[in-house]
Amino acid sequence: MRDGGDLELVPGFGPPGQTSFEEFYSAHFQALTIQLYAYTRDLAGAQDIAQEAFCRALARWKRLADYDDPSAWVRRVAWNLVTSRWRKTRTAALFLRQQRLAHVAEPSPDRVALAHALATLKPDHRRAVILHYLADLPIAEIARQEGVSENTVKSWLHRARTALATQLSEEEADRA
């Protein structure tokens, strides 16, 4: 003990009628966890939420210690945390449900043939075809992106179209 009565600095000691946070935590943590578990049916989640509520209480303990029932404050915070977690989970589930494709049709034989034919092209030629025909980029933009002249891009596109025509006509002949 120090002169001047600094008893509140020593754990477990304080003004009459006040308990230390450690005593408060020990007395109420398990009961709050059981309540939250009964509500959420998730023991780990209930423990996490109770712990978070008590952490928030610790940060405000000087004020809370003067309350008639600080456990009511902690309980209210814990229930608010449960509600907040439930809302976040519901929002995430709704988002995921909206992102899910209901049904994706299988690729058509023509699409499979095109993908196979594209895979046989040189990488520069394949990029040029994809950027020009799928991304709708003009030849000048492709040239700028690839760091080559516009004539080079035109050459790549010409060679790629020729190779694709040959590949696709051979596959068409094989199917017939």
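Between residues in the range 30-48 that are within 18 Å of Ala72 (Cβ to Cβ) and residues that are among the aromatic types (Phe, Trp, Tyr) and not in a helix (DSSP H, G or I), which pairs lie under 7 Å by C-beta distance while being six or more apart or on different chains?
none
If we scan the range 30-53, do we find a residue that is open to solvent by 70 Å² or more (accessible area, probe 1.4 Å), in a helix (DSSP H, G or I), under 18 Å from Thr19 (Cβ atoms) and of a type in the set (A, V, I, L, M, F, W, C)?
no
The values are calculated or read from the model by the stated rules, or taken from the named source; none is laboratory data. Here the structure is a predicted model, which means the values were calculated and not measured. A quick note on method: Cβ atoms are made from the backbone with ideal geometry, for glycine too, and the neighbour counts reach across all protein chains shown. We work out accessible area using only protein heavy atoms, side chains counted, and drop any ligands, DNA or RNA first. Shrake-Rupley method; radii C 1.70, N 1.55, O 1.52, S 1.80 Å.
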